[in-house]
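Structure first, then comments.
Just so it is clear, none of the values below were taken in a lab; they were calculated from the coordinates. As the structure is a prediction and not an experimental result, all values here were calculated from the model. Virtual Cβ from ideal backbone geometry, glycine too; neighbours counted across all protein chains shown.
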Amino acid sequence: MNGFKNILSASVYGINGHLVHVEVDISSGLPHLSIIGLPDATVREARDRVISAIKNSGYQFPTKKIIVNLAPAEIRKEGSAFDLPIAIGILAASGQIKTKSLEEWCFIGELALDGQLRAVRGILPIAMELSAQKIKKLILPFSNLKEAAIVQSIDSIGIHSLKELIQLLEQEFIPLSKEPLHFSPYQEDPLNSLDFADVKGQKFAKRALEITAAGAHNLLLIGPPGSGKTMLSKRIVTILPPLSLEEAIETTKIHSVIGLFSSKKGLMRMRPFRNPHHTISDIALIGGGQNPKPGEISLAHNGVLFLDELPEFERHVLEVLRQPLESREVVIARSKDTITYPANFMLIAAMNPCPCGFLGHPLHECVCTPYQIQKYMAKISGPLLDRIDLFLEVPCLKIEEYEEENTEPSQTICKRVMAAKEQQKKRFQKENIHSNAEMNAKQIKKFCKCTPEAKSLLKNATEKLRFSARAYDRILKVAKTLSDMLNQEEIEATHIAEALQYRSLDRINYLN
Amino acid sequence: MMIKKTTRQIGQEKEKEALHFFEEKGWKLIAKNVLYRTGEIDLILKDQENTIIFVEVKYRSSLSHGVPQLTVLPYKQNRLIKSALTFIKKNKLQGHDFRFDVLALFPAGIEHIPNAFSSAKYSI
């Protein structure tokens, strides 16, 4: 039977969902199924999956000329989520489903050859877009149901197979009078076995990490192997305040696009901690590719990007970090698309002071030549170092410290961090930023009020140590965080003094 | 002494067998051995639903070289489609449904493959 049907579906562009109309036209002619509307390879392969799925669900695949158009035609379509709407469109246009209310529903899902439905990526941004467009009903694979249920304003129905769906459609959704499933966001606290209490000694380092967490600053740890740089860094998520609902949705959306959404955890509660290996490519780090995908820095949005063994990263990989570290987003421009991904992350990096790792060690002798050390340090460029607020030397542990007990647990530190964050939240209510590290020049001038002693100390230090203008601003930001931690309005000389301590790489130049 | 049959004779015999197979299904013959510059169509039939079916008949006396239906490769398919388009135009059949079937004959029996192939390259 000849016919036409328009089925609503959706896909992801960048990190946002957008609606796609799947138009199916069946007419007489040489039998063929063609899919048009800028489909990529996965969408074109839908053809064979749909043919098999329809046949194996006990329906006829029409021997007709079938044209499937994905509108709007100018946006590239990717992913396997169009399998289900194409199959439903073909069955409806050929008169095998007689339901009239199909237009009210949005269909998403990948079909297996036997007609079962498989989970697809990017459900959360799609559900949010549907909610914004006032489309209330969504049919999707059962395994994606929890993700869609985060958006409470739409009724999502999870199904297992094409056959099950057609049976439901034929009954005009009578059995679906049951409540659509709704889950509360924030399922349960994610299990985390890490705790700062595990780290013995390193009081100075712990203090620096607390400051870093309180102001969302960038931190570089330098120390010999085995001093606990990695151990300390991995525990920073345990002292960061949990994501707010708005932040959680932003971050979970990015993870959903990549296919990292876990229905066990639901909406992310803990801040992401991304720990890419140093062989990572620049595209994998900042995002991009022919079909642009968010990179590690976007996956670390509202969380922590940890780069262990910093000098081992390819130089050009580190250099691409410069711009997103300042603008807190990354613009991926390709000949076909320009996409902006959010990338508001804290950078924590760890490195050894020299190739052998023992430069400045009290017991071990460093075997590196000055040239080797110079080469090693030169891998990290000045502009990148300039964007780091705190430099922290992590010395090796003393034997007495191994035995240390009563180390402070993460929970206690987290409480102090949250108190400092509360100050910032109040202060930045009207500023559209969340933390001290995000302040721009104007905001620094407005909020970083110094006492006269603090001012003169900073002035002297800047002259003596030849800080750049950016380093000057960063010292002020760290000092502001220190004053927040003590619940003080003005920045005092002691705050400036402590902030200056963390500029050791400006002070001790390893090169000389 | 029995005279060995020519290939042509075998072909005609098998096409007769094929026609018989389809007539038993209730399909009606429209034309057979339609020859154009682009190639020959063995059988053209019409089924109960008025779908016009172009049939390629393939015979193999032994399966030692594989099953006969595998020999209808894209080159042959395109030739058949081109010939079918000529037939449709000459007989003003536009508006009907069309289909290409393959009927494979081997010593052990018959296999009918409905809608064996289609092509996006050509359309009417």
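Which of A:P395, A:Y341, A:L168 sits closest to the plus end of the dipole of chain A, meaning its Cα is farthest towards the positive end, when Lys and Arg get +1 and Asp and Glu get -1 on the C-beta? Going by the Cα projections, it comes out as A:Y341.
Between the C-alpha center of segment A:302-346 and that of segment B:1-79 there is a gap of 64 Å.
Of all DSSP bridge pairs formed entirely within segment B:27-114, close to 65 percent run antiparallel.
Near A:H278: Cβ cut-off under 10 Å, other residues only, Lys/Arg at +1 and Asp/Glu at -1. The net charge is -4. What separates the Cα centres of segment A:385-428 and segment A:41-71 is a distance of 58 Å. When A:H32, A:H217 are sorted by how many other C-beta atoms sit within 10 angstrom of their C-beta, beginning with the fewest, the order is A:H32, A:H217.
Just the C-alpha atoms of segment A:365-512: what Rg/Rh do they give, with Rh taken as the Kirkwood radius? It would help to have the intermediate numbers written out before the result.
Details: Rg = 18.1 Å, Rh = 17.6 Å.
In segment A:365-512, Rg relative to Rh is 1.03.
Taking every C-alpha pair closer than 8 Å and separated by at least 6 residues, the mean separation divided by the residue count of chain A gives a relative contact order of 13 percent.
Just want the ordering: A:Y341, A:Y59, B:Y36, from fewest to most Cβ atoms lying within 10 Å of their own Cβ. Provide the component values of the computation, followed by the final result.
Numbers: A:Y341 24, A:Y59 19, B:Y36 15.
The most exposed by this proxy come first: B:Y36, A:Y59, A:Y341.
Its Cα centre serving as origin, segment B:27-114 has a Cβ charge dipole (Lys and Arg +1, Asp and Glu -1) of approximately 440 debye.
Here the sum of -39500 (n - 2.57) over DSSP H runs of 4 or more residues, divided by the residues of chain A, equals -10500 deg cm²/dmol at 222 nm, to the nearest 500. Volume per residue for segment B:27-114 equals 98 cubic angstrom (convex hull of Cα atoms).
For the protein assembly as shown, pairs of C-alpha atoms spaced more than 34 angstrom apart make up 59 percent of the total.
Check the straight Cα-Cα distances from A:K442 and name the lysines below 25 Å, setting aside those fewer than 8 residues away within the same chain. Hits, sequence-local ones excluded: A:K421, A:K425, A:K426, A:K430, A:K455, A:K459, A:K477, A:K480. Pairs of lysine residues in segment B:27-114 that meet both criteria, 8 or more places apart or on different chains and Cα atoms under 17 Å apart, total 12. In segment B:27-114, taking the dipole from charged Cβ atoms about the Cα centre, the farthest positive-side position among B:F54, B:P114, B:L103 is held by B:F54.
Give the relative contact order (percent, whole number) for segment B:27-114; include only Cα pairs under 8 Å separated by 6+ residues.
Numbers: 142 pairs, mean separation 26.5, N = 88.
Relative contact order of segment B:27-114: 30 percent.
Using a Gaussian network model of chain B whose springs link C-alpha atoms within less than 10 Å, name the residue from B:L73, B:L29, B:L105 with the highest mean-square fluctuation. Largest GNM mean-square fluctuation: B:L73. Averaged over the residues of B:51-59, the number of partner chain Cβ atoms lying within 10 Å of the residue Cβ comes to 1. Note that segment A:94-136 carries a Kirkwood radius of 12.6 Å, evaluated over its alpha carbons pair by pair.
If R₀ is 60 angstrom, what is the calculated FRET efficiency for the pair A:I399 and A:E104, using the beta carbon separation as r and rounding to 0.05?
Values: r = 72 Å, r/R0 = 1.20.
So, using R0 = 60 Å, E works out to roughly 0.25.
Spin-label model, A:E170/A:K459: points 7 Å from Cα along the beta carbon direction are separated by 8.6 nm. The residue list A:T42, A:N16, A:Y59 was ranked by how far each Cα lies along the charge dipole of segment A:9-62 toward its positive end, using unit charges on Cβ atoms, and A:Y59 comes out on top. Could you compute how fast segment A:406-476 diffuses translationally, taking Rh as the Kirkwood radius over C-alpha pairs and applying Stokes-Einstein at 37 °C with viscosity 0.692 mPa s? Give it in µm² per second. Answer from the Stokes-Einstein relation: 229 µm²/s.
Calculate the mean, over all residues of peptide A:62-71, of how many other protein chain Cβ atoms lie within 10 angstrom of the residue's Cβ.
The shielding value for this peptide is 2.
Look at A:I26, A:I135 and count the other Cβ atoms within 10 Å of each Cβ; fewest to most, that gives A:I135, A:I26.
Calculate, for A:Q372 and A:L194, the FRET efficiency according to 1/(1 + (r/R0)^6) with r their C-beta to C-beta distance and R0 56 Å; round to the nearest 0.05.
On the way: r = 34 Å, r/R0 = 0.61.
Result of the calculation: an efficiency of 0.95.
Report, in whole Å, the centroid distance computed from the Cα atoms of segment A:213-236 and segment A:436-480. A separation of 23 Å, based on Cα centres. The calculated P(r) of segment A:1-125, using every Cα pair and 5 Å bins from 0, goes 2, 12, 23, 26, 21, 11, 3, 1, 0 in percent. Computed about the Cα centre, the dipole magnitude for chain A is approximately 920 debye when only Lys and Arg (+1) and Asp and Glu (-1) carry charge, each at its Cβ.
With both partners inside chain A, how many of the DSSP beta bridges are antiparallel, as a percent to the nearest 5? Intermediate results must be reported in sequence, preceding the final value.
Numbers: 28 of 59 bridges.
The antiparallel proportion sits near 45 percent.
Could you tell me the ratio Rg/Rh of segment B:1-68? Both radii from Cα atoms, Rh via Kirkwood. Intermediate values should be presented prior to the final figure.
On the way: Rg = 14.0 Å, Rh = 13.6 Å.
My calculation puts Rg/Rh at 1.04.
Here's the list of lysines a cross-link from A:K265 could span, going by alpha-carbon distance under 19 Å and ignoring same-chain residues fewer than 8 apart: A:K146, A:K253.
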